[in-house]
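The values are calculated or read from the model by the stated rules, or taken from the named source; none is laboratory data. Treat the numbers as computed from the prediction; the structure is a model and nothing was measured. Cβ: placed from backbone, ideal geometry, glycine included. Neighbour counts: every protein chain shown. Protein only, heavy atoms only, side chains kept; ligands, DNA and RNA dropped before computing areas. Shrake-Rupley method; radii C 1.70, N 1.55, O 1.52, S 1.80 Å.
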Amino acid sequence: MDLLKVLQSRYTTKAYDANKKIPTEQFNQLLEILRLAPSSINIQPWHFFVADHADAKARIAKALVGKYAYNAPKVLDSSHTILFCTKADIDAEHLEQLLQQDDQSGRFKDEQAKQGQKDTRTGYIDYYRNEKGDIGRWAENQTFIALGQMLLAAGIEQIDATPIGGFDEEILSQELELKQLGLIPSVLLTLGYRSDNDFNAKLPKSRLAAEQIFTHL
Ligand SMILES: Cc1cc2nc3c(=O)[nH]c(=O)nc-3n(C[C@H](O)[C@H](O)[C@H](O)COP(=O)(O)O)c2cc1C
(Lines give C-alpha, C1' and ligand atoms only; values in the text may rest on other atoms or scores of the structure.)
Protein backbone atom coordinates (compact mmCIF):
# COMPACT_ATOMS: atom_id res chain seq x y z
CA MET A 1 0.00 0.00 0.00
CA ASP A 2 1.30 3.43 -0.99
CA LEU A 3 0.32 5.68 1.91
CA LEU A 4 1.08 8.86 0.00
CA LYS A 5 -1.32 7.80 -2.76
CA VAL A 6 -4.01 7.13 -0.16
CA LEU A 7 -3.61 10.63 1.26
CA GLN A 8 -3.60 12.20 -2.20
CA SER A 9 -6.86 10.48 -3.07
CA ARG A 10 -8.82 10.64 0.21
CA TYR A 11 -10.98 13.72 0.40
CA THR A 12 -13.85 15.26 2.33
CA THR A 13 -17.02 13.74 0.95
CA LYS A 14 -19.84 16.23 0.54
CA ALA A 15 -22.62 13.87 -0.67
CA TYR A 16 -23.17 10.20 0.10
CA ASP A 17 -24.95 7.34 -1.65
CA ALA A 18 -27.61 6.57 0.96
CA ASN A 19 -28.06 3.03 -0.39
CA LYS A 20 -24.56 1.80 0.34
CA LYS A 21 -23.61 0.34 3.71
CA ILE A 22 -20.16 -0.41 5.10
CA PRO A 23 -19.98 -4.17 5.84
CA THR A 24 -20.34 -4.80 9.59
CA GLU A 25 -17.00 -6.57 9.95
CA GLN A 26 -15.15 -3.75 8.22
CA PHE A 27 -16.88 -1.13 10.34
CA ASN A 28 -16.07 -3.04 13.52
CA GLN A 29 -12.45 -3.04 12.45
CA LEU A 30 -12.61 0.74 12.11
CA LEU A 31 -13.97 0.95 15.67
CA GLU A 32 -11.06 -1.14 16.87
CA ILE A 33 -8.69 1.24 15.06
CA LEU A 34 -10.42 4.07 16.91
CA ARG A 35 -10.04 2.30 20.25
CA LEU A 36 -6.31 1.97 19.59
CA ALA A 37 -5.78 5.71 19.04
CA PRO A 38 -2.83 7.07 21.04
CA SER A 39 -3.19 9.91 23.52
CA SER A 40 -0.99 11.88 25.89
CA ILE A 41 -0.24 9.78 29.01
CA ASN A 42 -2.73 7.31 27.48
CA ILE A 43 -5.47 9.48 28.97
CA GLN A 44 -8.16 8.38 26.45
CA PRO A 45 -10.44 11.27 27.46
CA TRP A 46 -13.13 10.33 24.98
CA HIS A 47 -16.42 8.62 24.36
CA PHE A 48 -17.87 7.80 20.96
CA PHE A 49 -21.53 7.58 19.94
CA VAL A 50 -22.15 5.41 16.90
CA ALA A 51 -25.19 5.97 14.68
CA ASP A 52 -25.76 3.24 12.11
CA HIS A 53 -29.51 3.41 11.49
CA ALA A 54 -31.92 6.11 10.34
CA ASP A 55 -33.35 7.02 13.77
CA ALA A 56 -29.92 7.42 15.35
CA LYS A 57 -28.64 9.53 12.47
CA ALA A 58 -31.82 11.68 12.67
CA ARG A 59 -31.08 12.38 16.35
CA ILE A 60 -27.64 13.69 15.44
CA ALA A 61 -29.01 15.65 12.48
CA LYS A 62 -31.20 17.64 14.92
CA ALA A 63 -28.01 19.62 15.62
CA LEU A 64 -27.48 20.30 11.92
CA VAL A 65 -29.82 23.23 11.50
CA GLY A 66 -29.52 26.93 10.67
CA LYS A 67 -26.01 27.71 9.49
CA TYR A 68 -25.10 24.03 9.91
CA ALA A 69 -27.96 22.67 7.80
CA TYR A 70 -25.62 22.00 4.89
CA ASN A 71 -24.08 19.19 6.96
CA ALA A 72 -27.36 17.35 7.65
CA PRO A 73 -27.56 15.30 4.42
CA LYS A 74 -24.04 14.02 5.02
CA VAL A 75 -25.11 12.47 8.32
CA LEU A 76 -28.50 11.25 7.09
CA ASP A 77 -27.09 9.62 3.94
CA SER A 78 -23.93 8.26 5.54
CA SER A 79 -23.57 4.57 6.24
CA HIS A 80 -22.35 5.29 9.78
CA THR A 81 -21.83 8.48 11.75
CA ILE A 82 -19.62 8.71 14.82
CA LEU A 83 -19.80 11.51 17.36
CA PHE A 84 -16.45 12.07 19.06
CA CYS A 85 -16.94 13.42 22.59
CA THR A 86 -14.36 14.60 25.12
CA LYS A 87 -14.63 14.37 28.87
CA ALA A 88 -15.43 17.81 30.28
CA ASP A 89 -13.04 17.11 33.14
CA ILE A 90 -10.46 14.49 34.00
CA ASP A 91 -11.58 13.26 37.40
CA ALA A 92 -10.08 10.84 39.92
CA GLU A 93 -12.50 8.10 38.85
CA HIS A 94 -11.24 8.19 35.26
CA LEU A 95 -7.61 8.13 36.41
CA GLU A 96 -8.34 5.12 38.63
CA GLN A 97 -10.07 3.32 35.76
CA LEU A 98 -7.04 3.88 33.52
CA LEU A 99 -4.68 2.62 36.21
CA GLN A 100 -6.71 -0.54 36.77
CA GLN A 101 -6.83 -1.13 33.01
CA ASP A 102 -3.04 -0.73 32.77
CA ASP A 103 -2.73 -3.26 35.59
CA GLN A 104 -5.12 -5.75 33.96
CA SER A 105 -3.26 -5.33 30.67
CA GLY A 106 -0.13 -6.52 32.45
CA ARG A 107 1.91 -3.34 32.29
CA PHE A 108 3.20 -3.37 35.89
CA LYS A 109 5.83 -5.75 37.18
CA ASP A 110 5.11 -4.76 40.78
CA GLU A 111 3.24 -2.30 43.02
CA GLN A 112 6.06 0.23 42.74
CA ALA A 113 5.69 0.37 38.95
CA LYS A 114 1.94 0.88 39.37
CA GLN A 115 2.47 3.70 41.84
CA GLY A 116 5.02 5.24 39.46
CA GLN A 117 2.47 5.32 36.65
CA LYS A 118 -0.14 6.81 38.99
CA ASP A 119 2.26 9.57 40.10
CA THR A 120 3.33 10.37 36.54
CA ARG A 121 -0.27 10.75 35.35
CA THR A 122 -1.26 12.83 38.34
CA GLY A 123 1.78 15.06 37.81
CA TYR A 124 0.89 15.70 34.17
CA ILE A 125 -2.77 16.34 35.03
CA ASP A 126 -1.71 18.89 37.65
CA TYR A 127 0.60 20.52 35.11
CA TYR A 128 -2.08 20.81 32.42
CA ARG A 129 -4.74 21.93 34.88
CA ASN A 130 -2.76 24.37 37.01
CA GLU A 131 0.43 25.43 35.19
CA LYS A 132 -0.70 25.43 31.57
CA GLY A 133 -4.19 26.26 32.77
CA ASP A 134 -6.31 24.71 30.05
CA ILE A 135 -6.86 21.03 30.68
CA GLY A 136 -10.00 21.03 28.52
CA ARG A 137 -8.08 22.10 25.44
CA TRP A 138 -5.39 19.49 26.12
CA ALA A 139 -8.04 16.79 26.52
CA GLU A 140 -9.84 17.76 23.34
CA ASN A 141 -6.56 17.78 21.39
CA GLN A 142 -6.34 14.06 22.15
CA THR A 143 -9.78 13.44 20.66
CA PHE A 144 -8.64 15.06 17.44
CA ILE A 145 -5.69 12.68 17.23
CA ALA A 146 -8.29 9.91 17.17
CA LEU A 147 -10.12 11.73 14.39
CA GLY A 148 -6.93 11.95 12.31
CA GLN A 149 -6.29 8.26 12.81
CA MET A 150 -9.79 7.42 11.60
CA LEU A 151 -9.51 9.64 8.53
CA LEU A 152 -6.33 7.84 7.55
CA ALA A 153 -7.85 4.42 8.28
CA ALA A 154 -10.95 5.20 6.23
CA GLY A 155 -8.74 6.28 3.33
CA ILE A 156 -6.80 3.02 3.48
CA GLU A 157 -10.04 1.02 3.64
CA GLN A 158 -11.43 2.97 0.65
CA ILE A 159 -14.30 4.24 2.72
CA ASP A 160 -15.34 7.84 2.14
CA ALA A 161 -15.44 10.16 5.12
CA THR A 162 -16.31 13.66 6.30
CA PRO A 163 -15.05 15.27 9.49
CA ILE A 164 -17.75 17.68 10.66
CA GLY A 165 -17.08 20.48 13.12
CA GLY A 166 -20.09 22.50 12.01
CA PHE A 167 -22.94 21.53 14.35
CA ASP A 168 -24.95 23.11 17.15
CA GLU A 169 -23.21 21.96 20.33
CA GLU A 170 -26.09 22.91 22.60
CA ILE A 171 -28.71 20.96 20.64
CA LEU A 172 -26.50 17.88 20.40
CA SER A 173 -25.65 18.05 24.10
CA GLN A 174 -29.33 18.20 25.00
CA GLU A 175 -30.35 15.43 22.59
CA LEU A 176 -27.78 12.98 23.96
CA GLU A 177 -27.74 14.33 27.54
CA LEU A 178 -24.03 14.91 27.24
CA LYS A 179 -23.73 17.34 30.15
CA GLN A 180 -25.17 14.76 32.53
CA LEU A 181 -22.59 12.31 31.20
CA GLY A 182 -19.76 14.81 31.71
CA LEU A 183 -19.04 15.01 27.99
CA ILE A 184 -18.67 17.73 25.40
CA PRO A 185 -19.27 17.07 21.70
CA SER A 186 -16.00 17.59 19.81
CA VAL A 187 -16.49 16.50 16.22
CA LEU A 188 -18.62 14.29 13.99
CA LEU A 189 -17.30 11.81 11.45
CA THR A 190 -19.53 10.48 8.70
CA LEU A 191 -18.47 7.33 6.86
CA GLY A 192 -19.84 5.66 3.76
CA TYR A 193 -19.61 5.87 0.01
CA ARG A 194 -19.68 8.96 -2.18
CA SER A 195 -22.65 9.81 -4.33
CA ASP A 196 -22.12 10.23 -8.09
CA ASN A 197 -23.20 13.83 -7.52
CA ASP A 198 -20.45 14.72 -5.09
CA PHE A 199 -18.90 17.84 -6.61
CA ASN A 200 -15.95 17.63 -4.23
CA ALA A 201 -14.80 14.26 -5.60
CA LYS A 202 -13.73 15.90 -8.82
CA LEU A 203 -11.97 18.94 -7.38
CA PRO A 204 -8.17 18.95 -7.04
CA LYS A 205 -6.63 18.92 -3.60
CA SER A 206 -5.42 22.27 -2.30
CA ARG A 207 -2.65 22.62 0.27
CA LEU A 208 -0.09 25.31 1.10
CA ALA A 209 3.26 24.81 -0.62
CA ALA A 210 6.01 22.96 1.24
CA GLU A 211 8.20 26.13 1.35
CA GLN A 212 5.43 27.91 3.24
CA ILE A 213 4.98 25.35 5.97
CA PHE A 214 8.35 23.65 6.49
CA THR A 215 11.44 25.29 7.93
CA HIS A 216 14.47 23.06 7.72
CA LEU A 217 16.76 24.07 10.56
C1 LIG B 1 -11.94 19.28 12.47
C2 LIG B 1 -12.53 19.41 11.09
C3 LIG B 1 -13.80 19.94 10.93
C4 LIG B 1 -14.40 20.02 9.67
N5 LIG B 1 -15.69 20.44 9.55
C6 LIG B 1 -16.32 20.34 8.35
C7 LIG B 1 -17.72 20.61 8.22
O8 LIG B 1 -18.40 20.97 9.19
N9 LIG B 1 -18.29 20.43 7.00
C10 LIG B 1 -17.58 20.04 5.89
O11 LIG B 1 -18.16 19.90 4.80
N12 LIG B 1 -16.23 19.81 5.98
C13 LIG B 1 -15.59 19.94 7.17
N14 LIG B 1 -14.25 19.66 7.27
C15 LIG B 1 -13.49 19.25 6.07
C16 LIG B 1 -12.41 20.25 5.68
O17 LIG B 1 -12.98 21.36 5.08
C18 LIG B 1 -11.42 19.53 4.75
O19 LIG B 1 -10.77 18.51 5.46
C20 LIG B 1 -10.37 20.46 4.17
O21 LIG B 1 -10.97 21.42 3.31
C22 LIG B 1 -9.31 19.69 3.39
O23 LIG B 1 -9.89 18.99 2.32
P24 LIG B 1 -9.77 17.41 2.14
O25 LIG B 1 -10.22 16.77 3.44
O26 LIG B 1 -10.74 17.12 1.01
O27 LIG B 1 -8.36 17.06 1.81
C28 LIG B 1 -13.65 19.62 8.53
C29 LIG B 1 -12.35 19.11 8.70
C30 LIG B 1 -11.80 18.98 9.95
C31 LIG B 1 -10.43 18.36 10.08
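Overview of values
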item	result
Nonlocal amide H pairs with Val187, under 5 Å, H built at 1.01 Å	Phe84
Inter-label distance for Thr120 and Arg35, nm, one decimal - labels placed 7 Å from Cα along Cα-to-Cβ	2.4
Kirkwood hydrodynamic radius over Cα pairs of the chain, then Stokes diffusion coefficient at 4 °C and 1.567 mPa s, in µm²/s	68
Relative packing of peptides 5-15, 151-161 - highest average C-beta neighbours within 10 Å first	151-161, 5-15
Angle in degrees between helix 24-35 and the longest Cα principal axis of the chain, rounded to the nearest 10	40
Accessible-area composition of the range 1-114, carbon plus sulfur, in percent [1.4 Å probe]	51
Protein accessible area in the range 169-217, 1.4 Å probe - carbon and sulfur %	54
Per residue accessible area in Å² of the chain, where ligands, DNA and RNA are left out and the probe is 1.4 Å	60
Cross-link partners of Lys62 among aspartates and glutamates (Cα-Cα below 12 Å; sequence separation of 8 or more within a chain)	Asp168, Glu169, Glu170, Glu175
Cα gyration tensor, the range 105-155 - rounded (a/c under 1.5), prolate or oblate	oblate
Cut-off under 5 Å, modelled amide H: who pairs with Thr13 long-range	Ala161, Thr162
Computed Kirkwood radius, in angstrom, where 1/r is averaged over Cα pairs of the range 1-84	14.8
Degrees separating the helix 92-104 axis from the principal Cα axis of the chain, which is the longest one	90
Phi to ³J(HN,Hα) by Karplus 6.51 cos²θ - 1.76 cosθ + 1.60 over the range 180-195, Hz, x for Gly, Pro	4, 8, x, 10, 10, x, 9, 6, 9, 9, 9, 9, x, 9, 4, 7
Check: the range 1-80 dipole with +1 on Lys, Arg Cβ and -1 on Asp, Glu Cβ, in debye	320
Cα gyration tensor shape for the range 114-217, rounded if a/c is under 1.5, else prolate or oblate	oblate
Calculated from backbone phi, Karplus (6.51, -1.76, 1.60) coupling profile of the range 71-82 in Hz, x at Gly/Pro	8, 4, x, 4, 5, 5, 9, 5, 6, 9, 10, 10
Eligible lysines near Lys20 by straight Cα distance, threshold 19 Å, same-chain separation 8 or greater	Lys57, Lys74
Check: the range 113-217 dipole with +1 on Lys, Arg Cβ and -1 on Asp, Glu Cβ, in debye	440
Between 0 and 90°, nearest 10: helix 111-126 axis offset from the chain longest Cα axis	60
Cβ charges +1 (Lys, Arg) and -1 (Asp, Glu), total dipole of the chain, debye	700
